[in-house]
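What follows is a short report on a single structure.
The values are calculated or read from the model by the stated rules, or taken from the named source; none is laboratory data. Every value quoted in this text rests on a predicted model; they were computed, and no experiment measured them. Positions of Cβ are generated from backbone atoms using ideal geometry, with glycine treated the same way; all protein chains shown enter the neighbour counts. Only protein heavy atoms, including side chains, enter the accessible area calculation; ligands, DNA and RNA are left aside. Shrake-Rupley method; radii C 1.70, N 1.55, O 1.52, S 1.80 Å.
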Amino acid sequence: MPLNHKAALFLVATPIGNLSEVSQRCLDVLKSVDVIACEDTRNTQKLLSHFDIHTRTITYHNFNEKDSTKGIIKLLENKESVALVSDAGYPLISDPGYQLVNEVIGCGFDIITISGPNAALNALVASGLPTSHYLFYGFLNPKSSQAAKELEALKSFPYTLIFYEAPHRIEKTIALALKILGDRKACLARELTKIHEEYHRGTLKQLSELHDLKGEMVLIVEGCSEVKKEDMGTLLQKVNELIASGYRAKEAISEIAGIYDVSRNSLYDAYLEEKKQGEK
Ligand code: SAM
């Protein structure tokens with residue numbers, strides 16, 4: 001039993017490329033649990049062999065989720081602790097495990113997370129795009145018609161968007177994002193933590209000119225910076241309230257633009273326009 005704890009399910013993040021990103025806590029848990037449930041045992045075996053870990057492994061993937069969940073709950077009932085790992089990064093993040101976690105919580109067992117690498121966050125923080133609010137979308141539907149609908153639904157979302165994509169679909173996805181979201185700032189992060197790690201920063205139009213992209217990649221896209229007309233009215237009202245309470249116009253605009261994460265210039269233009277209309 002690890003860490004002097006009653007039987008628990010450990011959600012263990014593993015490296016997304018560079019094995020030296022593995023944490024001591026990750027190794028301790030993988031060594032001391034009774035069983036490691038893997039998305040692909042052959043894949044995880046490489047990590048275990050590298051660190052000389054001999055814990056028993058079983059499979060837990062999308063195709064055996066139901067049966068495997070039952071099996072893991074049985075193990076926990078027998079006071080055997082289990083670590084869930086995926087091929088790379090965090091389990092459950094565009095990887096299997098949600099059903100298991102849900103049921104394990106329902107059965108009253110503890111869930112313990114072991115922090116580690118995650119491709120989405122690495123890409124986000126280095127993208128140069130706003131990080132205070134973001135949406136992790138993961139994979140778009142592989143069918144272009146469905147992906148187009150998903151992008152339509154995200155079109156007016158004001159925060160940074162994070163997508164995972166397979167290399168053979170990335171060019172199509174960038175082209176589709178450009179068509180539906182328009183030409184926005186974007187970053188393509190490739191082969192994170194590996195020798196050929198690389199960031200292409202620019203706009204979707206510039207990224208659409210890249211070809212023969214290989215390896216694993218994350219696409220980060222700026223959120224919608226246009227404010228809908230009806231929303232602008234509400235924001236101007238808030239600006240005017242601040243001005244009435246003693247703020248200078250510029251300070252009030254900065255404050256409201258910051259709080260609602262909208263472009264200060266657009267809000268300033270709308271404010272001037274409103275003033276002009278009021279003077280007529
Ligand atoms: N669970 C993983 C995580 O926490 O990041 C993600 C698993 S998902 C099945 C695999 C996708 O993650 C890849 O198609 C790619 O979009 C992204 N990814 C994983 N490793 C990466 C890396 N080293 N560099 C860039 N993207 C990566």
Charged-residue dipole, Cβ positions (Lys, Arg, Asp, Glu), the chain about Cα centre, Debye nearest 20: 260 debye
Helical mean residue ellipticity (222 nm; -39500 (n - 2.57) per DSSP H run of 4+; nearest 500) of the chain: -13000 deg cm²/dmol
For region 132-247, the Rg and Dmax computed from alpha carbons only, in angstrom: 17.3, 57
Under-5 Å amide H pairs with G215, H placed in peptide plane, nonlocal only: none
Length gained when the stretch H50-E191 is fully extended (0.36 nm per residue, less Cα-Cα span): 48.7 nm
Average projected area [Cα convex hull, region 229-279], square nanometres: 3.2 nm²
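Can you give me the accessible area per residue for region 1-135, using a 1.4 Å probe, in Å²? Please report the intermediate quantities before stating the final value.
Numbers: 6720 Å² over 135 residues.
Accessible surface, normalised per residue, equals 50 Å².
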Translational D in µm²/s for region 8-117 (Stokes-Einstein at 25 °C, 0.890 mPa s, Kirkwood Rh from C-alpha pairs): 181 µm²/s
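Counting only DSSP beta bridges with both residues in the chain, tell me the antiparallel percent, nearest 5.
45 percent
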Within a Gaussian network of the chain (alpha carbon springs, distance under 10 Å), most fluctuating of V218, V29, V239: V239
Computed magnitude of the charge dipole of region 8-117 (debye, nearest 20; Cβ of K, R +1, Cβ of D, E -1): 160 debye
Linear extension gain, D183 paired with F136, 0.36 nm per residue minus alpha-carbon span: 14.9 nm
Dipole axis of the chain (+1 Lys, Arg; -1 Asp, Glu on Cβ), positive-most option in S266, Y98, V35: S266
Förster-model FRET efficiency, 30 Å R0, A249 and E226, C-beta, rounded to 0.05: 0.85
Above-threshold pairs, the threshold being 18 Å between Cα atoms, out of K31/K194; K155/K179; K6/K79; K238/K275: K31/K194
I16 long-range amide H proximity, modeled H, under 5 Å: G89
Potential lengthening between Q237 and Q99 on full extension [0.36 nm per residue; Cα-Cα distance subtracted]: 45.2 nm
Placed amide H near I112: partners under 5 Å, 5+ positions off or other chain: L9, F10, L11
Carbon plus sulfur fraction of accessible area for the chain, probe 1.4 Å, in percent: 50 percent
Over 20 Å [Cα-Cα, region 140-195], rounded percent: 23 percent
Most fluctuating residue given options D110, D52, D269, as computed from a GNM of the chain linking Cα atoms under 10 Å: D269
C-alpha center-to-center spacing [region 196-210, region 23-98] in angstrom: 35 Å
Equivalent-ellipsoid semi-axes of the chain, from the Cα gyration tensor, Å, largest first: 44, 23, 17
HN-Hα J in Hz across region 159-176 - Karplus 6.51, -1.76, 1.60, θ = phi - 60°, x for Gly and Pro: 10, 3, 10, 10, 10, 8, 8, 7, x, 6, 10, 4, 5, 4, 5, 5, 4, 5
Lys/Arg +1, Asp/Glu -1 at C-beta; region 229-279 dipole; positive extreme among Q277, M232, A249: A249
Positive-end extreme of charge dipole, region 120-221 - chosen from P167, A153, L219 (charges on Cβ): A153
Region 8-117 - share of DSSP beta bridges that are antiparallel (%, nearest 5): 5 percent
